[in-house]
1. Could you name the aspartates and glutamates whose alpha carbon sits less than 20 Å from that of residue 427, not counting residues in the same chain fewer than 8 places away?
2. For the chain, what is the mean residue ellipticity at 222 nm derived from helices alone (per DSSP H run of n ≥ 4: -39500 (n - 2.57); sum divided by total residues; nearest 500 deg cm²/dmol)?
3. What's the angle, to the nearest 10 degrees (0 to 90), between helix 481-501's Cα axis and the longest principal axis of the chain?
4. In square angstrom, what is the accessible area per residue of the chain with a 1.4 angstrom probe?
5. Towards the positive end of the charge dipole of the chain, with charges on Cβ (+1 Lys, Arg; -1 Asp, Glu), say which of 641, 109, 394 has the farthest Cα.
6. Computed on alpha carbon atoms, what radius of gyration and Dmax characterise region 653-702, expressed in Å?
7. Can you divide the C-alpha Rg of region 117-261 by 2.2 N^0.38 Å and report the result to two decimal places?
8. Report, in debye and to the nearest 20, how large the dipole of the chain comes out about its Cα centre when Lys and Arg carry +1 and Asp and Glu carry -1 on their Cβ.
Amino acid sequence: MKKLRLFLILLTTVIYSQQPVDLVNPFVDSANSRWFFFTSASRPFGMVNLSPDMGTAGAWESGYRYNEKTINFFSHIHAWQLSGIPVMPTTGKIKAHLGPKNYGSAYSHDNETATPGYHSVVLEDYGIKVELTSTTRVGFHRYTFPASDQNSIIIDLSAQLGPGGTKSGYAKKVSNSKIKGYAVMEKTSRRPKDTKVFFAIHFNKSFETLNAWKDGELTGKVNKFEGTNGGVYPVFKSKEGEQLLMKVGISYVSMNQAELNLTTELEHWDFDAVVSDSKKQWNDHLSRIEIKGNTKDQQVRFYTDLWHALQGRRIISDVNGKYSDMTGEKQKIRQIPIGTDGKPKFNHYNSDSFWGAQWTLNTLWHLVYPKISEEFVNSMLLMYDDGGLIPRGPSGGNYTYVMTGASSTPFIVSAYMKGIRGFDINKAYEGMLKNAMPGGMMSKVGYEHYTNIGGGIEYYIDRGYVPFPLSDKKYGLHQCGPGTTMEYAYQDWTLAQLAKSLNKKDDYAMLMKRAENYKNIYDKKTGWMRGRTLDGSWIEPFDPLVYESDAFGGPGSGFVEATAASGTWFVPHDLAGLARLMGGKSIAAKRLNQSFLIAEQHQFVTHNYRGDKFVADQRRRAYLNYGNQPSMQTAYIFNYMGQPWLTQKWVRDVLEVVYSDNTPQKGYSGDEDQGLMGALSVLMKIGLFEMKGGTNQKPAYDISSPIFDEIKIHLDSDYYSGKSFTITTQNNNLKNKYIQSVKLNGVPLNQSWFYHDVLINGGKLEYVLDESPNLDWAVNPETLPSSMSD
């Protein structure tokens, strides 16, 4: 018995002494991947995101797909509306000209490994072991071949790659071990211009010949390829077990810049050293939050979520700060300012929309990774200098006008309010105010590239709401009057807070008045937010459970990726005002609780994959949906209504059902969206949230019960005075989800929030939990978290 106890103690020690990077599971939800979801051989925000591609067509159901049986190739870019440079090692008779469906290979998960910074898989058709790693801008391959006189590395310059096809390509033999070139990635409906991806490829041994194919025919030995529907393949000989190393540097600027990225970041050939360095870099990022307690399964999922929050949005500038500006009619090559150390002051980034980031990245990045936040703000301002607008989701130097509103405004305002100020705040304010006016981002709906009409900002300013429908013509996607009205109102409030800080009194008064516009679409008769037509009438017929786009041909609800029932709760800046419209806080809380009880029946989501079936209504008729951004904040609303025990209950229940799976078949139950849902999961698990996105004059954290026994957040000394902030819990388990008492730095805390300034000075937050709610904790009306109407 003593030996058994000792064994269990040792086993527990081994399990819980693993580094955070060792706990990440890249395969979570990978059966349901979209193009930019899966990551293995990549660095934090790396330009290179090198991994296998099973699906190749379209932004959805593409990239790494766990349930697919064939790997088509390994490509280097999996980003928002960007892709490029697929390669495939083969042996025997060449099949490059027949396309990836023919030259691809079967594989088995039994012979596959993926960790942060590394991927390994055996190509069964060829007997080749493929290993992948990377630096920020260079993909590094190690292939172990069988004995063969005909080993080829296919460089496909014609493949369909997720969101876009390869329009044409160029490749030139530089020497018997080097190739350079580019691929022209064709424009998409979201990225409006063709975009070149340049590459430089080095091998650690000479190839026998460089060959090409075009239009389905092999063309033999070449020194250069240029055109459409083709590519090149160098040929090597190998002995049994011989290894070939290949480096692929990329750039959006030029072939010379791709070469510079390669030689600067990876001057040696030590593959294992790069794997080790990548692991260390990931571990340094993940270790900013240390956790203890709960199960190993929950720890795995936590660090997987945190890992997802640090990727998807990718660097597009080169190692020397050069970058491609595609905001005008023609590409321009520009330069990021150089610091006193001779290096670029920051990186330039590619990103999906910041729509929903106010409840995720605003809190997680600003608190744990403030340098990253500052870089992203400077990147946005760089694009403002180049193209005249602060973007809401750029792609390869292009504006995409993804989603709606001025979604980057809360991110920038929150950074400033939290003391992250290494950027030009006057320029930022100027750009954000421009976005809130006609001609700015609020003039455009999703992917509205050539007009400034669909956003309806003039109506919002003149009438206090955006009509729905705005017109018979569709100027872009998400032309949703009531939904954009609510988004604009919140974004106006956030910008008003900055205006007040900068002593811009007239702007503050104007924006605060606009922030009340959400009230203009509240229908007292139905009790829901509701679209209003051009003449001010309520839309008819009205069904609060109709989604943005009605699957049966109707006009839809007018709420962006939501129903009226879920969209009604999008008033983060004025929940007290919303409650007043509904008849009081107790009535509002009762209605929201009923919505959660109904949502619980379909597992809180509308996209939940279980095998090959949806378990929820495919028409997305839902009161709440934790598979997408619009419902992210809803569980924390109860704190504002004086019923914090319901926040504690529903946060824990949502976590257990939606954000606890660790299998390839499950995980995010919808759209993970470049770290937004991963970041939400992290915040809910440590019990910190920000309803207003940290944009108030004194940012404050809304709290719920954490799922771990101890959480230590290491603070960045370049931005914050404290060394660390520790959160502890007593009696924590699955049933004990309810807060009994809280102490902040040893002093009892009888409210469901505390200030950001307290946290960044370092300290300790202590919880006592139990399975029954404490109905007296944090319910004093005088100390509830504040709203605009208070």
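1. 325, 374, 375, 385, 386, 492, 506, 507
2. -8000 deg cm²/dmol
3. 80
4. That works out to 35 Å² per residue.
5. Projecting each Cα onto the dipole axis, the largest value belongs to 394.
6. Values for region 653-702 (Cα only, Rg and Dmax): 12.9, 43 Å.
7. Values: Rg = 15.4 Å, N = 145, 2.2 N^0.38 = 14.6 Å.
Compared with the compact-globule rule of thumb, region 117-261 sits at 1.05.
8. Approximately 400 debye in magnitude.
The values are calculated or read from the model by the stated rules, or taken from the named source; none is laboratory data. What you see is a predicted model; the values in this text were computed from it and never measured. We place every Cβ from the backbone using ideal geometry, glycine too, and count neighbours over all the protein chains shown. The area values use the complete protein model at the heavy-atom level, side chains included, leaving out ligands, DNA and RNA. Shrake-Rupley method; radii C 1.70, N 1.55, O 1.52, S 1.80 Å.
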